[in-house]
Structure formats: C-alpha cells, structure tokens
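*Asks:* Mind looking over this structure? Questions follow.
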Amino acid sequence: MEHEHNTGRRIGGTFLSVENISLAFGGVKALTDISFDVREHEIRAIIGPNGAGKSSMLNCINGVYRPQQGTIRFDGQAFQQMDPHKAASMGIARTFQNIALFKGMSVLDNMMTGRSLKMHTNLFLQALYVGPNRREELEHRQKVEHIIDFLQIESVRKTPVGRLPYGVQKRVELGRALAAEPRLLLLDEPMAGMNIEEKQDMCRFILDVNDEFGTTIVLIEHDMGVVMDVSDRVVVLDYGKKIGDGTPAEVRANQAVIDAYLGVAH
Amino acid sequence: MLYRESGQFKTSYAADQQLFPILQDRIGVLTLLAVALVAVPLLASDYWLTAILIPFLVFALAALGLNILTGYAGQLSLGTAAFMAVGAFAAYNFQLRIPGIPILVSFALGGLTSAAVGVLFGLPSLRIKGFYLAVATLAAQFFIPWLLVKVSWFSNNSSSGVITAQPVEILGFVFDTPVRKYLFVLVVVAVMALAAKNMVRSAIGRAWMAVRDMDVAAEVIGIRIMQTKLIAFAVSSFYCGVAGALYAYAYLGSVEPDGFNLDLSFRILFMIIIGGVGSIMGSFLGAAFITLLPIFLDIVLTDGAIWLGLNLPSGTTSMAQLVVFGALIIFFLIVEPLGLARLWQIAKEKLRLWPFPH
C-alpha cells in the first residue's frame, strides 16, 4: 500500500546523510550518535515518542542547532555544523511544528519572503521600484501564484495570516517553504492538530510535491497511518537514540520500536 | 457607494501590484497632492505654514523613519531625536566646510552620516531585543547631544552649540519665504514617503517584517538577520537625519543640541504608536494628531470659554488642553491599539460595503 503513489518515481542515490550526530544542551543529551541517510526524491519519515529528538534532528540538518559531534553530508558536501543561511542557499527549506509564519504579513507576502534568496536587486532600486526591481517582483509573483494555485489558497492570498484558521496556516507554511523551490524539504509535524479531511489534503499535497517537483522530503509525523502510507523509509528515535530504520513494514515489525513507541493492540 | 471597486478588474499582476490598486485611492492621493501643492500655498497664512504645516511635515518624516525601524523591523528605539541632531549638525557642517556644495547634497550627506551613526548604535540589536534594546538606544540619545555641545567644532565654536542654518538655495532659487520653505519640505517629504512605501513593498520590507514577526523562520529562509536589522537602522536613521536637517533649515532656523532631547524622541514615538505602528500612512496621521490636536484644542477651548461667557484665569485653558489631549490619547489607544491607520483601514472596509452590512 505504501508504494502506490511512486510508480514512475525514480529514487536516486544518497542525497543527505547524517553521520554520528550528537547534540547536547548542557547535561541533556538530545541526540546520541545518530546516523541515517536520505536518498534523492525519497520521502523519509522520522518517528518516535515526544522528546525523542526528532525536531532537534531537523534543527541540526538546517543549522538552527549546532551538534557537538558528527558530520552532515548534503549534496556531496560535508559539514561539521550547518549554518541556516548556507542550508537555505543549498536548497533546504522547512516548516515548523508550531506554525512559524510571519503573522502580520499577508499570505502572498509570506510566500514572497520564501523567495528572498532568489531576489537580488539593491536597496536603491527597491526604493524607486523601477526597472529590475519591478520586473523581479512581477516574475516572482508569477512563481508564487503557481504555488498558491497548487495549494488552492487563492481566495486568501491577500489576508494577513494571523486571521486564517489553523489548517490553512499550516498549508501557507508549506507554501512558503515551497516558494523557495527547495531540493530538500523538512516538514515538522505537518499534520499535527488537523482533522481527517485536512490530513488527507495535506498528504495529497506532500505526495504531489514529491511527484511533480521531485522534492526530497524528510517529515516528522505522529499519525502512524500517514507515516505508513506516504513514506518510503522510516527512522525511529527514542531518547535521542536511533532504535529502528527501514521500510514502514520493517519498522512496524521491529520489536524495539513496538516496545518504545507503537505498542500492541489489546 | 462612492468607494467601491466593483468593475475594476485586474488582469495582470502588474496591475495588482501597483501602488494604489483602487481607482478611488489614486484619485484621492492625487487630489491630496494637488491641494498640498497648489491650494495650501495660495490660501494658507504664514502662521499656518511656519507654525503648523512645516513642523507637521518634518515630524511626519521623523515618525516615518522611526516607523521603519520600530514598526516594520520591530526594533524599539528611543534615539530618534539624537539621529535628527546628527542629520542637522552634519548638514550644517557640510554646508559650512565644503564651499559651493549644493544644499540637497548636504542634506543627503547629513542623512548618510546619521545612517552611519544609526548603524553604530544599532549594533547592540544583534544581541538584545525589545525594552533592553530601547535602553541601549537611550545611550545614543544622551551621548550625541552631549558630544555636540562638548566638541565645539561641530557648531563652529558657537556658544552652547547653537547653529544657525544657512539659507536654502537650489540653482540660485532661495527658499526664504514660508511658502517656499513649505513647498521645499513638502517635496522632500513626499519623495521620501514614496521611497519608503516602495521599500516596504519590496524584498527589504518583507525581510524587515519577517525579522520582526519570527526571526528564526526568517533565518531558516535565508534572510541574514544581522544585515537586515542594520539596514533598518541605517534607513531609519537616514530618514531621521534628513528630518533633523529640515527641522533646522526649514522650521526653526537655528537649533541647539539640547533641543534634540529625549522629550522629542518620546513625542515621535507617541506619533507612531497613535498613528499606527508598521504603517506609512500612520506616521502622517500620528504626526498630525500630535502636532495639530493641541493647536485645535487651544482654539476650541479658548473660543469655547469666551462663547460660554466664562471668565477663566489665564493658564486654565492650556491646562485643560493638556488634560483633554492626554484623555484623547488614552481613548484612542483603548478603542484601537493599532492606531489611527487601522481605524482608517476599518473605515475603508466598511465604506466598500456601505450601505450594506456585508
């Protein structure tokens, strides 16, 4: 069941690998010696109980946290510590567990901000709003409108995001990440707090992004049905350690994972 | 009924992204400009021009500068008056020490000097936020006027640091009468307001707001936080610097460093709080409120007392004016904490539907 969507989708070689990552905040060990890899065009899920270190892992990949040990290898380049700007310019985009939109700005402006790194006119031209700056604004507006179409949020494009309902905000945040045309998309609980219809929509968007744009996706999710359906491979973390890694079927049969997270039906 | 955009279809993104997408807004702005450029100079008395309209425009420009920093980029500052002082004194010194330099170049250089000083005092913003940053900018507010008095070179060795602005002359045309000064200030302020509006709807404005609203997310998108904050300080101080130069050259004529005190900084901060934080228009509304309302109240209270036949002791009306002014500020902040600009926006949204409720 988990591979129906990817017929015709080509999974490539290793795109991102994290090697022996350890991260501690003072005495608290958030991550201990974690290694796994992500292949190109793959959907890779990270699961585990609360406090297992899943979000910390994403934060290490895009440089918000600096791990004390280990290497992150992305697209052939090795980094001891990633830096957020470097990560963004190499094509890593992400969404946050607690929505981190720019609340005072419209949907459109939020998504235009997602394209910041692709805009290059200088301050002076921006103040005049002529020539290259005007052209650039229009060109990027066009690109952003494609994503607005794709996510079906046309009707709210001028609305300040603070006024939108939660499910739509989640969608806008995905849109802002997509606006950067990322090659690697990190999604931190994209479906948390959603009802079943919203979850289905979001799943469809994630699969479509992966299919149409070929974007590699790493996602954290607690809904096991979703994880089993959409992901190609799954990493399981518990107390900052890796306890399982493999296809959804393998992970589901893994005794350590069952003990720590999945549990058994009574 | 009049303010309705039905029938105005936008068929391109260019049409949607223009400055005023609604036809009525374009007509309104053009009318306002025409009134300000033609009708006001013809009709207004010298008192109105020199005591009301020129200071209103100068304060609006300073408020605009502070609004870029505080409203858009989210960095609280209490050093506005100090940056105005830098602009005024720098423009004076450029005029004084470089023979034959055009006045507008002096103003621009004054603004740039202020921008450099602003960046210097903006450096703490990289580590501290909010009220703590406000306290750090207080350093600028106390240090700069002190320095301008202490080092008499800045005021060309005049006593207590007073400078007398040179005449404003562009290509042989001297802006000496109130009407000419008013037009000069109006054009500078209008051009700079347009530039500010353009900045806040371009990439840099989005970067400022992104840093203001959620700095971690902005960083992950690839916005350089440090650079963005420092640009905000630079642009804001540039605006304040030019406002300071206009304050000296077109409004007061001669200024001293102590005139640019904390009281002035607070006044400008109140302007943006009442006008609307994060709104270009709010800067103008706030400046109008703070500069025009006391005069209006004064007239109303004095005439009202005469009309009612009350024989009030002198000073009562000015006291009453302060009381009413304070009460009005509190009233507006309770009714609409986001300022007059937000009230205006609500009014526009209502007007679009009027006379229907939905």
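The values are calculated or read from the model by the stated rules, or taken from the named source; none is laboratory data. It should be emphasised that the depicted structure is a prediction, and the values quoted were computed from it without experimental measurement. Backbone-built Cβ (ideal geometry, glycine too); neighbour counts: all protein chains shown.
*Asks:* For A:Glu250, indicate whether it is under 19 Å from A:Glu42 (Cβ atoms), in the same structural domain as A:Gly53 (by TED's automatic domain parsing) and free of Cβ contacts under 8 Å to residues at least 40 places away in the same chain.
*Replies:* Against the criterion (under 19 Å from A:Glu42 (Cβ atoms), in the same structural domain as A:Gly53 (by TED's automatic domain parsing) and free of Cβ contacts under 8 Å to residues at least 40 places away in the same chain), A:Glu250 qualifies.
*Asks:* Read through the list (1) within 14 Å of chain A (Cβ to nearest Cβ); (2) in a helix (DSSP H, G or I), then give the number of the only condition that B:Ala287 fails.
*Replies:* Going through (1) within 14 Å of chain A (Cβ to nearest Cβ); (2) in a helix (DSSP H, G or I) one by one, B:Ala287 breaks only (1).
*Asks:* Considering only the stretch A:180-234, how many residues are over 30 Å from B:Ile223 (Cα atoms) and aromatic (Phe, Trp, Tyr)?
*Replies:* Final tally of qualifying residues: 0.
*Asks:* Any idea which of A:Arg10, A:Arg39 is over 15 Å from the mean Cα position of the chain (by Cα) and in the same structural domain as A:Val230 (by TED's automatic domain parsing)?
*Replies:* On the way: A:Arg39 fails: over 15 Å from the mean Cα position of the chain (by Cα).
Sole residue among the options that is over 15 Å from the mean Cα position of the chain (by Cα) and in the same structural domain as A:Val230 (by TED's automatic domain parsing): A:Arg10.
*Asks:* Where residues in the stretch A:111-143 are crowded, with 19+ Cβ neighbours inside 10 Å and closer than 22 Å to B:Val216 by Cα, which of them is nearest to the chain's Cα centre (by Cα)?
*Replies:* Per the criteria, the residue is A:Gly114.
*Asks:* Separate question: Taking the stretch B:160-199 on its own, how many of its residues are charged (D, E, K, R) and part of a helix (DSSP H, G or I)?
*Replies:* Initial filter on the stretch B:160-199 (charged (D, E, K, R)): B:169, B:176, B:180-181, B:197.
Remaining after also requiring part of a helix (DSSP H, G or I): B:180-181, B:197.
Number satisfying all stated conditions: 3.
*Asks:* A further question follows. If you go through the stretch A:25-47, how many residues are of a type in the set (Gly, Ala, Ser) and either under 21 Å from A:Glu189 (Cα atoms) or modelled with pLDDT of 95 or more (or both)?
*Replies:* Total meeting the criteria: 3.
*Asks:* Of the conditions (1) on the phi < 0 side of the Ramachandran plot; (2) touching a Ser or Thr at 6+ places or on another chain (Cβ under 6 Å), A:Gly240 clears all except one; give me its number.
*Replies:* Of everything listed in (1) on the phi < 0 side of the Ramachandran plot; (2) touching a Ser or Thr at 6+ places or on another chain (Cβ under 6 Å), A:Gly240 misses just condition (1).
Conditions (1) over 28 Å from A:Glu19 (Cα atoms); (2) surrounded by 16 or more Cβ atoms within 10 Å (Cβ to Cβ), marked per residue:
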position: A:Pro165; (1), (2): yes, no
position: A:Arg171; (1), (2): yes, yes
position: A:Gly193; (1), (2): yes, no
position: A:Gly214; (1), (2): no, no
position: A:Val218; (1), (2): no, yes
position: A:Met228; (1), (2): no, yes
position: A:Arg233; (1), (2): no, yes
position: A:Thr247; (1), (2): no, no
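*Asks:* What is the residue count in the stretch B:1-45 for residues that are of a type in the set (A, V, I, L, M) and surrounded by fewer than 13 Cβ atoms within 10 Å (Cβ to Cβ)?
*Replies:* Initial filter on the stretch B:1-45 (of a type in the set (A, V, I, L, M)): B:1-2, B:14-15, B:19, B:22-23, B:27, B:29-30, B:32-40, B:42-44.
Okay, now just the ones that are also surrounded by fewer than 13 Cβ atoms within 10 Å (Cβ to Cβ), so B:1-2, B:15, B:19, B:27, B:29-30, B:32-35, B:38-39, B:42-43.
Here the count works out to 15.
*Asks:* Hey, can you tell me all the residues within the stretch B:200-231 that are under 16 Å from A:Leu108 (Cβ atoms) and assigned to a helix (DSSP H, G or I)?
*Replies:* Once the filter is applied, which keeps residues that are under 16 Å from A:Leu108 (Cβ atoms) and assigned to a helix (DSSP H, G or I), the stretch B:200-231 yields B:Val200, B:Ala203, B:Gly205, B:Arg206, B:Ala207, B:Met209, B:Ala210, B:Asp213, B:Ile221.
*Asks:* Please count how many residues of the stretch B:211-231 are under 17 Å from B:Ile128 (Cα atoms) and touching a residue at least 12 places away in the same chain (Cβ under 8 Å).
*Replies:* 9
*Asks:* Answer yes or no as to whether B:Ala210 is at the interface with another protein chain (Cβ under 7 Å from one of its Cβ atoms), surrounded by 24 or more Cβ atoms within 10 Å (Cβ to Cβ) and at pLDDT 95 or above.
*Replies:* Yes, satisfied.
*Asks:* Is it true that some residue in the stretch B:107-123 is assigned to a helix (DSSP H, G or I), more than 25 Å from B:Val58 (Cα to Cα) and either in contact with a helix residue (DSSP H, G or I) (Cβ under 6 Å, 6 or more places away or on another chain) or modelled with pLDDT of 95 or more (or both)? Steps first, please.
*Replies:* Within the stretch B:107-123, the subset assigned to a helix (DSSP H, G or I) is B:107-123.
Imposing the further condition that a residue be more than 25 Å from B:Val58 (Cα to Cα) reduces the set to B:123.
Then keep just the ones that are either in contact with a helix residue (DSSP H, G or I) (Cβ under 6 Å, 6 or more places away or on another chain) or modelled with pLDDT of 95 or more (or both); that gives none.
The answer is no; no qualifying residue exists.
*Asks:* Another question, then. May I ask you to say which residue of A:Gln126, A:Gln97, A:Gln80 is in the same structural domain as A:Ile220 (by TED's automatic domain parsing) and modelled with pLDDT under 95?
*Replies:* A:Gln80
*Asks:* More than 16 Å from the chain's Cα centre (by Cα), in contact (Cβ under 8 Å) with a residue 60 or more places away in the chain and under 23 Å from B:Glu256 (Cα atoms): does that describe B:Ala116?
*Replies:* Working: more than 16 Å from the chain's Cα centre (by Cα): yes; in contact (Cβ under 8 Å) with a residue 60 or more places away in the chain: yes; under 23 Å from B:Glu256 (Cα atoms): yes.
Spelling it out, B:Ala116 is indeed more than 16 Å from the chain's Cα centre (by Cα), in contact (Cβ under 8 Å) with a residue 60 or more places away in the chain and under 23 Å from B:Glu256 (Cα atoms).
*Asks:* Residue by residue through the stretch B:297-339, note down the ones that are surrounded by fewer than 10 Cβ atoms within 10 Å (Cβ to Cβ), more than 28 Å from the chain's Cα centre (by Cα) and in a helix (DSSP H, G or I).
*Replies:* B:Trp307
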